Every structure is written in structure tokens, then in C-alpha cells.
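Note sheet for the following structure.
Just so it is clear, none of the values below were taken in a lab; they were calculated from the coordinates. This structure is a prediction, so every number in the text was calculated from the model and none was measured. No Cβ is skipped: glycine too gets one built from the backbone with ideal geometry, and neighbour counts run over all protein chains shown.
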């Protein structure tokens, strides 16, 4: 079995990454999954803005069924069919069981997303920004190939089979294109990052050389004393969905109340001191690829996902290329768990005797194990639980056995390591581009917030 099979043992949360429009669209179509981890001026509401008493009484009973999942946004109708088709696409992308309660929460979230999408399209039109239909079709074809491994005709049939439609996906594409062009006209040209700002960041990096930094994804749900229990329950349900294979990026885009929702919850590289103490304590002991939460912090709950960690301006061991030898044994069909455990134990005892890659072949022969050689394997492409293990190994050492009754058991022997060169840090040009992007994202969130405030929305 090749090393690609190891992916079956990975933690089923997906890494955050910057994406193309096509992939970002589908990232937002996975089932949505926890407080604000860093200062977020765009999303924060001043404590003194509303005079709301703590011990309030709500007069009358609100029936949640009265507000059905349809709306009119500035005279444009969002129908139940619009919601159903988008929900169907999300459920198909998630590929995990969903409770009726979760489905209802998803419908309400989809409605909110469709309202935002409608506002973005309307604002673009008001600024005389037109999305060429040919561009929509080209992006649709790109999505079909990259994300569904189908041509457009096959994707049309697939969408119909799951209860969605090409119209629904193309509408999302049109909204994304319109919003990008609107930001390109009304926001991006007015974002400036000075050379002095870049120099300050570079000097800060140099001063912090060797300091540990963490790249963390966040999902933030706000809570108060009245809804704390309900929010905590929702956060726990999101964790469960993520553990079953849901996309962290998608959940962050759908549910997070932080401004980082627009980039899939990605906080970028930060030091633990920038996090609330409760999150910093948890993050310090996390492995790359691990999910933690819900964690209660002032103002709500947080889920955090450790994307990566490094030492500033120091070579990252996860950039190393490894030479690996894999020894694997399969179990016969119908084997009992007790017998599989016994054989795995024998395999573990034998492989602990491996003293170098040369000896591995002999031990494999004795065990009747299959041997696979793999050179130039990037550490980052391995399942998260194995990354830290292999980074800590010396040449010639083997990992602990891993596997399952169904897939057998295997070990990896480290035969070579090409360490990366020392990290010189991002170039001034890269820093400036990243800083400009962050400013654009923050400004975009404020822009959308203002559109929501000014909109006339009727719920049916």
C-alpha cells in the first residue's frame, strides 16, 4: 500500500488555505459547523451602543415557525426553492448525517447567506457593475472540473439528482464575481500600506526570531447570559459535524461571527499572547491538524483549529522532505478484533527491533510484510498525527504501528531527511500584499455590514 493510503488515518478536518474563486465557492458549500480570538473592530459592537437591561422580560411568546425561511430584499424575492436548492448542495458536499434540528439551523443560515448575496449583487448593479454571462459559464465549468471532476453537462445532471440546480450554483458564482469587482472598484484602490508599515513588521519579525508562532483557524459564536446554553449546544453540534468530516473553512464562512469568516476563519500567524488566555492555554498543547472547543471566552465561545506552527525566521521542519520505508501487513477477511490485536502486537514487537532501513527489509521478510519505498515525501502531505512523530524521529527509527482491522497495520521507517533552509521570512513585496489583503477583507466586512443596515427586508 502506498503512502497515499495513510490519508485514511488523518484527522478528518481540512486544512485552511487560500483558494481560487472556484474552490472558494465550493468551500463555502460544505455544511456549516467558537469567541472572538483577536481584536475585531469591524465586527465588534460597543457595549454602550444599546441600553439593554440584564434582567429583561420578553412580553409575549415568539413562535419560531412564524418567521419562515423566505424573504424580500429591497423588493427582490428569495424563495423557498432558492433555499432548498442551496441547502441540498451543502448537504451533498458535507456527506454526513444531519439531524432535523441541524437542517433547520442550516436553512436559516442559508437564508442569511442568500440575503447577503442578494445585497452584494444589488450593490454591484447600483454601481453599474455587470457580470458577463460568459464569465459565469467559464467559472461554472471550472467548478465542475476542479471540484466535481465532471463536465458541465454531467454537473447539471448531478445537481438535479441531489435536489439542487445549475441555476443555484451559477447565482452564487455571479454573486462572488460581482462582489469581487465591486471591491476592486470601491475598496481596493483606496487601501494603502506604507513602506514604513512594512518596515515595522520586518523589524518585529527580526526581534522575534526563534519565537513560536501559530497559524490558527477560528469559529466564533457570540453569547450572553440569556442564550449561553443554546449557543454552547450549537457550538458542540458544530464540533461534532467537523469531527465527522465537515470543512472547517466552510463552517467558518457560514457561521463564524468574526470578520475572519470571509477567509475561512484564518487568523494568520500569531503568537499565543495575542489570544485570550483560555485559548492560548489550549493552543499551546495542540498538534497541527487538531481541533479544540468549544472554549468559553468573554463574549462567547470559540472553536480553534491548529493549521500550522513555526519559529519566526527559523527553518520549519514541516518543510522537510523525507525518505520513508513502509512495512505493512494485511489481516484476512473476517478476522476477530482480538486476533487482529494479537497480530498487531507481534508486529509492533518485531518492528521495534528495526535499527536502520537496511534491517527493515530483513524484518519485513520474517513478518511476511509488504515493503514500499517512498522518497522526497513532504512532511506536510502526511496525516497530521504522523507529522510530529516523524519530525521527532532519528534516521533509521520507526514509528509506532498504526492502522485498523479493515486496512491492516503498518509502520514507517525514516531513511533520510532533507531539511529545509533557514526561513528568511517573507519579502517586503509579499508582506505588503498580505497586509493590503487583510485591510481589504476588513473593509469588505464593514461594507457588507452597512448594506445590511440600510436594506429593507421583509420575512414571509
>> Quick check on packing: order 404-417, 138-151 by the mean number of other C-beta atoms within 10 Å, highest mean leading.
In response: 404-417, 138-151
> Expressed as a whole number of Å, what is the distance separating the alpha-carbon centroids of segment 230-262 and segment 108-158?
Replying inline: 23
> By the gyration tensor of its Cα atoms, with a ≥ b ≥ c the square roots of the eigenvalues, what is the shape of segment 73-213: rounded for a/c under 1.5, prolate for a/b over b/c, or oblate?
Replying inline: prolate
> Per residue, what volume in Å³ does the convex hull of the Cα atoms of segment 317-418 enclose?
Replying inline: 91
> What nm value, rounded to one decimal, do you get for the distance between residue 167 and residue 243 when each label is placed 7 Å out toward the C-beta?
Replying inline: 4.1
> Given a Förster distance of 45 angstrom, what is the FRET efficiency for residue 454 paired with residue 341, based on the Cβ-Cβ distance and rounded to 0.05?
Replying inline: 0.10
> Separation of segment 276-321 and segment 188-209 by C-alpha centroid, Å?
Replying inline: 24
> At residue 400 and residue 348, where each label point lies 7 Å from the Cα along Cα→Cβ, what is the point-to-point distance in nanometres?
Replying inline: 0.7
> Between residue 230 and residue 152, what length in nm is gained on full extension when 0.36 nm per residue of separation is reduced by their alpha carbon distance?
Replying inline: 23.9 nm
> Taking a spot 7 Å from the Cα of residue 375 along the direction of its beta carbon, which residues of segment 320-359 have an amide N less than 20 Å from it?
Replying inline: 320-327, 356-359
> When the chain is fully extended, how far beyond the present Cα-Cα distance does residue 287 get from residue 319, taking 0.36 nm per residue of separation?
Replying inline: 9.9 nm
>> If I take R0 = 22 Å and measure r between the Cβ atoms of residue 72 and residue 103 in this structure, what FRET efficiency does the formula 1/(1 + (r/R0)^6) give, to the nearest 0.05?
In response: 0.40
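For segment 317-418, calculate the relative contact order in percent as a whole number, restricting contacts to Cα pairs under 8 Å that are 6 or more residues apart.
Normalised by residue count, the contact order of segment 317-418 is 50 percent.
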>> Once you keep just the Cα pairs under 8 angstrom separated by 6 or more residues, what percentage relative contact order results for segment 282-339?
In response: 24
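Starting from the Cα-Cα distance between residue 446 and residue 430, subtract it from 0.36 nm times their residue separation and give me the gain in nm to one decimal.
Numbers: separation 16, 0.36 × 16 = 5.76 nm, distance 2.48 nm.
Computed gain between residue 446 and residue 430 is 3.3 nm.
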